[in-house]
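Take a look at the structure below.
The values are calculated or read from the model by the stated rules, or taken from the named source; none is laboratory data. Just so you know, these numbers come straight off a predicted model, no measurement behind them. Using ideal geometry, Cβ is built from the backbone for each residue, glycine included, and neighbour counts are taken over all protein chains shown. All accessible areas refer to the heavy atoms of the entire protein, side chains included, with ligands and DNA or RNA removed. Shrake-Rupley method; radii C 1.70, N 1.55, O 1.52, S 1.80 Å.
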Amino acid sequence: MRLEDAHRLIKKLKDADIVLVSESGIRHTLNRLLQRSKWHHVMLYVGLGRTLEVTPRNGAHICDLLHDLTEKHYREIKVLRMPRLTDRQRKAIVKDAVKTFVHKKFSWLQYGKIIIGRTLELWGKEGNKSMVCKPGHKCNMSSIACSNMVAIAYFENGFSISEKYMPEYVVPRDYEEAKVLKKIVDRKFRTS
């Protein structure tokens with residue numbers, strides 16, 4: 001993406017916006033297949049051109065979205081927003097997410113639980129009942145992957161992304177299907 005286009009995109013964002021990306025490459029394609037989604041990565045916009053993300057290599061960390069947009073090989077990006085949030089609620093989600101997650105390690109175990117749980121659901125096994133969010137649910141905030149980190153950040157502030165799944169089992173596709181989220185940006189990039 002050109003620098004001017006990246007600046008324009010970032011100017012549209014608000015705190016707590018949800019950024020979905022699809023990147024080129026075999027590793028990312030495999031991730032999309034495992035999650036049955038066209039998206040392989042989810043980030044939380046924290047303001048000032050930065051996002052909070054969780055990756056296997058770096059765990060939960062703040063990154064520069066401008067750099068990512070201009071240097072990474074994204075095929076697509078989509079930004080979603082929960083319109084009913086006030087600015088105060090957005091800032092609370094961001095503040096809590098940064099405080100809770102920065103420096104936590106990526107959990108391969110949680111990633112595996114998500115993939116296996118969602119695969120069993122696809123096959124119609126009864127195990128999927130354990131992924132349904134029940135009243136009084138307390139999130140496990142020590143085992144995180146990118147998609148469940150954002151869902152937990154919202155849930156802990158009183159907002160649910162998925163009507164069906166507890167935050168620990170939310171995958172990128174759930175954000176796109178969430179009725180409470182509105183599309184702000186939806187952009188495909190030319191691939192060379």
Fill in the blank from the handout: Of 187, 173, the only residue that is surrounded by fewer than 17 Cβ atoms within 10 Å (Cβ to Cβ), under 21 Å from residue 23 (Cβ atoms) and of a type outside the set (A, V, I, L, M, F, W, C) is 187
Practice task
Determine if region 152-159 includes at least one residue that is open to solvent by 20 Å² or more (accessible area, probe 1.4 Å) and at positive phi.
Solution key: yes
Handout entry: The lone exception for residue 113 - which of (1) within 23 Å of residue 56 (Cα to Cα); (2) touching a residue at least 60 places away in the same chain (Cβ under 8 Å); (3) surrounded by 14 or more Cβ atoms within 10 Å (Cβ to Cβ) it fails
Key = (2)
Fill in the blank from the handout: Per the list (1) among the aliphatic types (A, V, I, L, M); (2) modelled with pLDDT of 95 or more; (3) open to solvent by 10 Å² or more (accessible area, probe 1.4 Å), residue check on residue 132 breaks on (2)
